[in-house]
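The values are calculated or read from the model by the stated rules, or taken from the named source; none is laboratory data. It should be emphasised that the depicted structure is a prediction, and the values quoted were computed from it without experimental measurement. No Cβ is skipped: glycine too gets one built from the backbone with ideal geometry, and neighbour counts run over all protein chains shown. In case anyone asks, the SASA skips ligands and DNA or RNA and just uses the protein heavy atoms, side chains included. Shrake-Rupley method; radii C 1.70, N 1.55, O 1.52, S 1.80 Å.
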Amino acid sequence: MKPAGKILLVSDVNLEPFARLLTNDEVEPQRSQKTEPRLEARVADFGRLHPTLLSGANPDGCELALIWSHPENAVPEFRKVLEFLPADHERILAETREFAGAIARYASGFKAVFALPWIVPAASRALGLLNFRKDEGLSYLLARMNLELADRLSGHANVHVLDSPAWFARIGEKAHSPKLWYLSKTPYSSDLFREAAAEVRAAVRALEGGARKLVVVDLDDTLWGGVVGDIGWQALRLGGHDYLGEAYVDFQLALKNLKNRGILLAVVSKNEEAVALEAMRMHPEMVLRPEDFAAWRINWQDKARNIADLAADLNLGLQSVVFIDENPVERSRVREALPEVFVPEWPQEATRFKSALSALDCFDSATLTDEDRKRHELYAKEKNRETLRAEIGSMDEWIKNLGMTVTVERLSSANLQRAAQLLNKTNQMNLSTRRMTDAELMKWADHPNRAFWTFRVCDKFGDSGLTGLLSLEWDTAGNEARNEAEIRDYVLSCRVMGRRVEESLLYVAVRFASGLRARGGKLGRIVARHVPTAKNKPCLEFFKASGFQGDAAGTAFSWDLERPYPKPDGLTIAVSE
Amino acid sequence: MNGGTYARILETLYGAIDRVNPQLEKSRRLQKAENTPLLGDGSNLDSMGLISFTVEVEQAMLDKFEKTVNLAEILAESDNPAESPLRSVGSLAEYLRTRIEMT
């Protein structure tokens, strides 16, 4: 369980039951994650929506805030629409912009702020037939207001507009509780609050970089109907004029959609590999072919062992893995053996597979970049590199053969989003595991005694993208007296580990610090302090072997700036200042 | 018949407890037992918790028995917790049973 984050609920209604649920609920198994963030909710005075936003009030020092307002209170002119009185629509949109501005200003005091769009009031038919008539209907106007709100807030990196209308749609007519409203000024039912709490937790998890990256699926009766080893690929239920066959095809399409947004796919199945791969290649209605999978383990070994091996081969921690299997015995075995792997409960019938997959919130992430979309391609290229490595015996020859170029760039608005994403999601090769939003990162780096670089890696197989981060701090409080420059962030994606990119980061750090020293600085050494987490031991092991001198505790490592750090052999380092 | 209705109502109340407990701190969660106090000094429910619980019970009675009961009125009239139908889970189940069998 992660440490609690404090969230302030700012609303024009009483959200006390929601606050209690966010703070005290034990999450349902279907949506549970071992990395589920634990929240402590506080409630701002619900009679003071605008004054709270305008004053910036945050008496309990919460890191997060949720703004849950209602259109007639957030936008006073809108109340006339509810009363069927003539209303000034331009004024409504202007007031919407003012409200968005108030949220944006309020957000400057928080790490992240969630804002909810508005919905048509409960059980209101309003103008019925006219509800979506241009410039007249209530629904039309609310849609415009919501777009205005989202547009105005989109430029603020730490403000996230949550898709709350979807929560109401899922709960339906039981989302509202008139009785609770009249008794306590709480308009919503516990059903809606449970849905909202799960969504808020998913959003926090996404911001913390907790998104799952790999879906491991079984084959027989999961990806297709039937046991391929018994009946042959020609007799599998997949596609055709068959409702179950169609359902399996739809499930495969849903998995392929996940792949398109950067989630890796893999197979772990008890089967003969040749038989299973033949089915994947030959069946005319197979959507997912072998090339769609980053890896597979198709054999008769224990599935938990296979999943662990497969994740290790892909350089992914088990906390990145989701395992889908229709067999409850296999699910139970994997849950027990690998508690970090998320094993969702799974429907018995294939007609519900697609919706079960679509409902999982464990893939939510704060951003979706081009590199995410290309992740599968990047892993495919990695497979080629590993093949080359197996063919070429020595490390030196392999690195040389790859023709690698490491391009070093300063942090800028152009690479900020990807840099923040890498900073927040990297666990293993991460020296200090600092987590920062885009805005916090830029603010930290924008200091005369700090430098922050990004590293891109490409080779003859392709571009691995922005996969490394390095930051240095010198002559600031804490290190000035010690005449040292400190490596504050040392982050490397598992995609490029083991290719001497690790040493390249240190080469750049030492070279830069030596330059400062040559220009009259008093720096004597550069130091890296390892902040241990449950997952960043690989980083510690690297530093132990890096040539930097370890201290007695074995957690701080330094390099004397009188000596240059050796440039790694076999690759080109291009520094773009 | 009476015993069966009472048992079904008790199950309904336990369902409401399951729905309200996630809002309560672990140490203050309601036990699914007839002698669990709901109102008065021994209760783990504060006023907001009591409102949430009674609304859950009202909805569950409507869903399962198609009966509208107004516990908010009883709550408002409960000057003496020791005599209120809301004094415990068991007394509430008994009150609801008589309401069902009267109509």
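Computed quantities for the displayed model
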| item | result |
| --- | --- |
| Rounded FRET efficiency, nearest 0.05, which uses the C-beta distance separating residue B:31 from residue A:417 and R0 of 45 Å | 0.35 |
| FRET efficiency, 1/(1 + (r/R0)^6) with R0 22 Å, evaluated for residue A:182 and residue A:55 via beta carbons | 0.15 |
| Spatial separation of Cα centroids for region A:291-328 and region A:140-179, in angstrom | 37 Å |
| Accessible area buried, both sides summed, chains A and B with 1.4 Å probe, Å² | 1500 Å² |
| Zone of residue B:94's modelled label, taken as backbone nitrogen in region B:33-69 under 19 Å from a point 7 Å along Cα→Cβ | B:33-43 |
| Residue A:235 versus residue A:449: modelled label distance in nm, points set 7 Å from Cα along the beta carbon direction | 7.6 nm |
| Stretchable slack from residue A:302 to residue A:572, in nm (0.36 nm times residue separation minus alpha-carbon distance) | 92.9 nm |
| Assigned charges on the beta-carbon of Lys, Arg, Asp, Glu; the protein assembly as shown dipole about Cα centre (debye) | 1680 debye |
| Region A:339-385 versus region B:45-103: alpha-carbon centroid distance in Å | 46 Å |
| Carbon/sulfur fraction of accessible area - region A:173-218, other protein chains in place, 1.4 Å, % | 56 percent |
| Residues of region A:268-305 with amide N under 13 Å of the 7 Å Cα→Cβ point at residue A:227 | A:270-272 |
| Model label zone, residue A:244; criterion: amide N under 15 Å from point 7 Å along Cα-to-beta-carbon; scope region A:343-378 | A:347-353 |
| Percent RCO, i.e. relative contact order, over chain A, from Cα pairs under 8 Å lying at least 6 residues apart | 10 percent |
| Computed helical MRE - 222 nm, the protein assembly as shown, DSSP H runs ≥ 4 contributing -39500 (n - 2.57), nearest 500 | -12500 deg cm²/dmol |
| Debye-sum result for chain A in log10 I(q)/I(0), which assumes one identical scatterer on each alpha carbon, at q = 0.05, 0.11 Å⁻¹ | -0.26, -1.14 |
| Of all DSSP beta bridges in the protein assembly as shown, antiparallel share, percent nearest 5 | 45 percent |
| Mean Cβ count within 10 Å, highest first, over the residues of peptides A:5-18, A:103-116, A:515-528 | A:5-18, A:103-116, A:515-528 |
| Residue A:522 paired with residue A:400, simple spin-label distance in nm, labels 7 Å along Cα-to-beta-carbon | 4.6 nm |
| Mean accessible surface per residue for region B:2-102, computed with a 1.4 Å probe while every protein chain stays in place, in Å² | 49 Å² |
| Per residue accessible area of region A:214-358, 1.4 Å probe, in Å² | 42 Å² |
| R0 of 45 Å, Cβ-Cβ distance residue A:337-residue A:133: FRET efficiency to nearest 0.05 | 0.15 |
| Rounded accessible area per residue of region A:30-114, 1.4 Å, Å² | 45 Å² |
| Distance in nm between pseudo-label sites at residue A:541 and residue B:82 (7 Å out along the Cβ direction from Cα) | 7.0 nm |
| Portion, in percent, of the accessible area of region A:370-576 that falls on carbon or sulfur, probe 1.4 Å | 49 percent |
| Whole-number Å³ per residue for the convex hull built on Cα positions in region B:2-102 | 91 Å³ |
